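Novice: Have a look at the structure that comes next, please.
The values are calculated or read from the model by the stated rules, or taken from the named source; none is laboratory data. Every value quoted in this text rests on a predicted model; they were computed, and no experiment measured them. Counting neighbours? That spans all protein chains shown, and the Cβs are built from the backbone with ideal geometry, glycine included.
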Amino acid sequence: MRKPAKILSKAIWIAIMSIVSLLFAYPFLYSILGSLMLKEDFGNMGTLLPMPEVVTLKNYAYVFSVDGGIAPLLNSLQRAAWYTFITVTMSVLCGYVLARYEFRGKKFFIISIIAAQVVPSVLTLIPSYILVSRIPFMGGNNWMGQGGHGLINNKLMLYLPLGWGSLLWVFLFTQSMKSFPRAIEEAAEIDGCGFWRMMFRILLPLQGPIVAVIAINTALGNWNDWLTPFLYINNVADSTLTAWLATLTSNLQQFGDKDYPKVFAMATMAVIPPFLIFLFFQKYIIQGIASAGIKG
Amino acid sequence: MTATIDTMQRKKRRHSLRTRREMRRAYLILLPFFLYIALWNLVPLLYGLYLGFTEYNALGSSPRWIGLSNFKTFFSVPEYGTLLWRQIWMGMLALLCNTVISFILALALNVNSRIKGLFRTAIYVPNVSAVSATTAVFVALLNPLANQGLNKIITALGGTAITWSYSQFWMVFWIVLYFVWQRVGPAAIIWLGGLQGIDPSLYEAAKVDGANFWQQVRFITIPGLKFIAMYILLTGIIGAMQMFDVVMFISKGNPFGQTDVLMYRIYRDGFINFNLGMAGAESLMLGIVTVIFALGYLWLQKRSDDE
């Protein structure tokens, strides 16, 4: 008597969760099917989902064309790679030093990391923009920072800013060093291993999982950060995929020629890399949220 | 005797040499990173404190000190209060829906099943997708024409087409729905971690003592999830008070500014109207209110802990 009831409740659970999952996936299905349509066909489409009568890859050809999306795509990749590199380097080095060394002012560094996490980003949004536009000697500015546009519209803005949210990963690495046996470092030191060699040859591989958590979450965060490039850069060639999509999506609400399929093709391209990373590395992404949760 | 003192002193000297070397290395590593981050964050923060007290209408010129004038405008023009209030209630509504729905999803996923991973992926993927890449679909779905988007489904079912952007209710509905769709994944995972972190023997002991389901929830599950709830709400408050991307992409503040929020106004005053001093003052107000909300929440939490 008990068993059929159990099977039935499990079947209901699977049915409900399947419907919920489909609802969550619906916008993606819509976007993928829409991206395979001709612009002219998009008006007369299926009831539930866009059903392309003629399947076309024209929109994807545009995404990969030189005057289309190839430049922002490459910029997105380079930007994510650069920030991943710098954040991992910073987290491992600073995190190690804060966990193992004793020095004056250590507490100050740790407290400032935690305090930085609660500062609302609205407070720096506008002033950052002004200061960037007034950096001396850049973009036609004189030594007072006047007369030009500073680093606005300069491709360097894809790589220079470093938000203090990234300090969270330093904290995470410091925490993870607590369960790392000191004996390994001591043995390496006795064998005459220097500091930098120990960092890169011993610590980095042995702390692989936590480094993966930092790397993957940073890469995803920067790929999806559309706001910074959107604010500072307004030409396609120097922009990133997600920032350019912000411009395209805003334009969809204005009157005039609306090319939904092209936007959907671009959006699908912007979603595929994070989706693949999530599929293969979800363990690290989930661990990232979980360990960030421990902090609170 | 002298020999032992001698080795002790040598040991001490060697030790202090080592500490000094560690100290030098620590500063050598920490200072460049921290100074660089301070340059990009602390300097703008301090500059922002000054900016709110100035009038500054164009890049290139210099801000002019006007004292409290911007704040007087903020408090005397009713529009700003309305925008701040709307930021609070729309943000809190979105946060509340997200917290409740993520908890229900976490309960539904707290089972042993192989298919669970698939469902978890489905609810999580919106969160690893950029907001700017997924809102275009919602713009297409909310097309006012009867034969387009959701209206096509509605008319096929015999209903009449809705002009979504003419209704405050529908715009708030879609903003909140998008917010939950995009952010429910991490919250559900955090809840799930909390549910799984509760010692199962507690439930068994309660069952032996004759506790019913609701008593188990009341005395084991809820106390066990206190820290998790605190984390979700605290980080959520800061995020909800700065929500503007969803508003910008889905409603643009329509109808007639009835879904406009303060954060979106700050963005427009700063980057479109170039009313930079006022944008600075608005930022300070929103920042202060956000911090007050976060601290107030912490205080309430602490008080309920003490009781």
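Novice: Could you tell me whether residue A:195 is within 10 Å of chain B (Cβ to nearest Cβ) and modelled with pLDDT under 90?
Specialist: So residue A:195 fits the description; yes.
Novice: With B:216, B:196 as the choices, which residue is in contact (Cβ under 8 Å) with a residue 60 or more places away in the chain and surrounded by fewer than 18 Cβ atoms within 10 Å (Cβ to Cβ)? Break it down into steps so the answer makes sense when it comes.
Specialist: Working: B:216 fails: in contact (Cβ under 8 Å) with a residue 60 or more places away in the chain.
None of the other options fit; the residue is B:196.
Novice: Here's something else I'd like to know. Could you check, for segment A:250-264, whether at least one of its residues is in contact with a Ser or Thr (Cβ under 6 Å, 6 or more places away or on another chain), crowded, with 17+ Cβ neighbours inside 10 Å and touching a residue at least 60 places away in the same chain (Cβ under 8 Å)?
Specialist: Within segment A:250-264 (the criterion being in contact with a Ser or Thr (Cβ under 6 Å, 6 or more places away or on another chain), crowded, with 17+ Cβ neighbours inside 10 Å and touching a residue at least 60 places away in the same chain (Cβ under 8 Å)), the answer is yes, since at least one residue qualifies.
Yes or no, residue by residue, for (1) in contact with a Ser or Thr (Cβ under 9 Å, 6 or more places away or on another chain); (2) more than 13 Å from every other protein chain (Cβ to nearest Cβ); (3) more than 30 Å from residue B:292 (Cα to Cα):
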site: B:191; (1), (2), (3): yes, no, no
site: B:198; (1), (2), (3): yes, yes, yes
site: B:202; (1), (2), (3): no, yes, yes
site: B:210; (1), (2), (3): no, yes, yes
site: B:228; (1), (2), (3): no, no, no
site: B:231; (1), (2), (3): no, no, no
site: B:235; (1), (2), (3): no, no, no
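Novice: Looking at (1) assigned to a helix (DSSP H, G or I); (2) under 29 Å from residue B:243 (Cβ atoms), which is the only condition residue A:156 fails?
Specialist: Failed condition: (2).
Novice: If you don't mind, there's one more thing I want to ask. List every residue pair whose Cβ atoms sit under 8 Å apart, with the two residues 6 or more apart in sequence or on different chains, where the first one lies in segment A:195-215 and is over 12 Å from residue A:173 (Cβ atoms) and the second, anywhere, is basic (Lys, Arg) and surrounded by 12 or more Cβ atoms within 10 Å (Cβ to Cβ).
Specialist: Taking only residues 6 or more apart or on different chains, the pairs are A:195/B:25.
Novice: Can you find, within segment A:107-155, the residue that is nearest to the other protein chains (Cβ to nearest Cβ) among those that are under 27 Å from residue B:239 (Cβ atoms) and of a type in the set (Gly, Ala, Ser)?
Specialist: A:128
Novice: Shifting gears a bit: Can you tell me how many residues within segment A:156-167 are touching a Ser or Thr at 6+ places or on another chain (Cβ under 8 Å) and either more than 12 Å from every other protein chain (Cβ to nearest Cβ) or farther than 23 Å from residue A:288 by Cα (or both)?
Specialist: Result for segment A:156-167: 2.
Novice: Would you please name the residue that is modelled with the lowest pLDDT, looking only at residues in segment B:101-116 that are in a helix (DSSP H, G or I) and more than 9 Å from chain A (Cβ to nearest Cβ)? I'd like the intermediate steps shown before the answer.
Specialist: Looking only at segment B:101-116, we keep the residues that are in a helix (DSSP H, G or I), and these are B:101-109, B:116.
Still in the list and also more than 9 Å from chain A (Cβ to nearest Cβ): B:101-104, B:106-107.
Details: B:101: 96, B:102: 95, B:103: 93, B:104: 92, B:106: 92, B:107: 89.
So the residue we want is B:107.
Novice: Tell me which of these residue A:270 doesn't satisfy, since it passes every other one: (1) more than 11 Å from chain B (Cβ to nearest Cβ); (2) of a type in the set (A, V, I, L, M); (3) within 15 Å of the chain's Cα centre (by Cα).
Specialist: Residue A:270 satisfies all of (1) more than 11 Å from chain B (Cβ to nearest Cβ); (2) of a type in the set (A, V, I, L, M); (3) within 15 Å of the chain's Cα centre (by Cα) except (1).
Novice: Quick check, is residue A:60 surrounded by fewer than 21 Cβ atoms within 10 Å (Cβ to Cβ), over 20 Å from residue A:217 (Cβ atoms), out of contact with any strand residue (DSSP E or B) (no Cβ under 9 Å at 6 or more places or on another chain) and in contact (Cβ under 8 Å) with a residue 60 or more places away in the chain?
Specialist: So residue A:60 passes the test.
Novice: Just to be sure before I move on: is residue B:119 within 12 Å of another protein chain (Cβ to nearest Cβ), out of contact with any strand residue (DSSP E or B) (no Cβ under 9 Å at 6 or more places or on another chain), assigned to a helix (DSSP H, G or I) and not β-branched (Val, Ile, Thr) in the structure I sent?
Specialist: Criteria met by residue B:119.
Novice: Only one of B:98, B:127, B:147, B:143 is crowded, with 20+ Cβ neighbours inside 10 Å, in contact with a helix residue (DSSP H, G or I) (Cβ under 8 Å, 6 or more places away or on another chain) and outside any helix (DSSP H, G or I). Can you tell me which?
Specialist: The unique qualifying residue is B:143.
Novice: From the set of residues in segment A:34-54 that are more than 8 Å from chain B (Cβ to nearest Cβ) and part of a helix (DSSP H, G or I), which is modelled with the highest pLDDT?
Specialist: Selected residue: A:35.
Novice: Something else: Select from segment B:262-307 the residues that are β-branched (Val, Ile, Thr) and out of contact with any helix residue (DSSP H, G or I) (no Cβ under 8 Å at 6 or more places or on another chain) and write down the one among them that is farthest from residue A:119 (Cα to Cα).
Specialist: B:272
Novice: Let me ask you something else. When both residues are 6+ apart or on different chains and their Cβ atoms are under 7 Å apart, which pairs have a first residue that lies in segment A:96-110 and is free of Cβ contacts under 8 Å to residues at least 60 places away in the same chain, and a second that is surrounded by 17 or more Cβ atoms within 10 Å (Cβ to Cβ) and small (Gly, Ala, Ser)?
Specialist: A:97/B:26; A:101/B:26; A:103/B:26
Novice: Residues in segment A:166-175: is at least one within 28 Å of the chain's Cα centre (by Cα), of a type outside the set (Gly, Ala, Ser) and not in a helix (DSSP H, G or I)?
Specialist: no
Novice: Could you go through segment A:173-183 and let me know if any residue there is within 11 Å of another protein chain (Cβ to nearest Cβ), in contact (Cβ under 8 Å) with a residue 12 or more places away in the chain, surrounded by fewer than 18 Cβ atoms within 10 Å (Cβ to Cβ) and of a type outside the set (Val, Ile, Thr).
Specialist: no
Novice: In this structure, is residue B:204 in a helix (DSSP H, G or I), at pLDDT below 90 and acidic (Asp, Glu)?
Specialist: In short, yes.
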